[in-house]
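Student: Got a structure here, written out as structure tokens. Questions coming.
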Amino acid sequence: MIRRLMAEWLGTFSLLATVVGSGIMAERLADGNVAIALLGNTIPTGAILVVLILVFAPISGAHFNPAVTIARGFSDTFAGINPADVAAFVAVQLIAAVLATLFFRWLLDGGAAAA
């Protein structure tokens with residue numbers, strides 16, 4: 001179970017870091033062109049999602065989203081996770097999402113340059 005939770009944590013953190021990071025960089029590099037900014041955010045997000053699913057699906061199912069985890073845990077439609085494990089998966093995903101966001105805030109506030 002620890003291995004599965006770590007896979008979900010790393011996958012969620014990586015996905016959020018890519019979404020936030022590519023969004024920030026796309027906005028800065030697009031020079032006001034919204035279409036280019038959206039493209040600059042969408043392509044990296046899609047690419048990392050494919051990689052993360054291929055890497056982590058055999059380990060944890062590669063949910064990376066609490067809504068998907070809840071749906072898969074309580075639905076007979078999907079080959080999901082054990083309903084008893086849903087709370088742990090959701091907690092790990094939320095923690096990873098918050099940490100990824102705080103990490104980028106730290107980077108943008110100059111924390112990495114000061115370290």
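Readers should treat all values here as calculations from the given coordinates under stated rules, not as data from a laboratory. Source: prediction; values computed, not measured. Glycine also receives a Cβ, built like all others from the backbone with ideal geometry; neighbour counts cover every protein chain displayed.
Student: Let me check I've understood the local charge: for ASP85, count other residues with C-beta under 14 angstrom from its C-beta, Lys and Arg +1, Asp and Glu -1. What total comes out?
Tutor: The answer is +2.
Student: Could I ask something else about it? One quarter of the convex hull surface, Cα atoms only: what value does that give for the chain in nm²?
Tutor: Projected area, direction-averaged: 8.4 nm².
Student: From Cα pairs below 8 angstrom and at least 6 apart in sequence, can you work out the relative contact order of the chain, rounded to a whole percent?
Tutor: 35
Student: At 27 angstrom or more along the helix axis (alpha-carbon based) and mean Kyte-Doolittle of 0.5 or higher, what helices does the chain contain? Whole DSSP H runs only.
Tutor: Helix filter hits for the chain: 2-29, 34-60, 86-108.
Student: Further question: Taking the Cα centre of the chain as the origin, how large is its charge dipole in debye, to the nearest 20, when only Lys and Arg (+1) and Asp and Glu (-1) carry charge on their Cβ atoms?
Tutor: About 160 debye.
Student: Sticking with this structure for a sec: Using bins 5 angstrom wide from zero, how does P(r) for the range 1-60 break down, in % of all Cα pairs?
Tutor: Final binned percentages: 4, 21, 23, 17, 13, 10, 7, 4, 1, 0.
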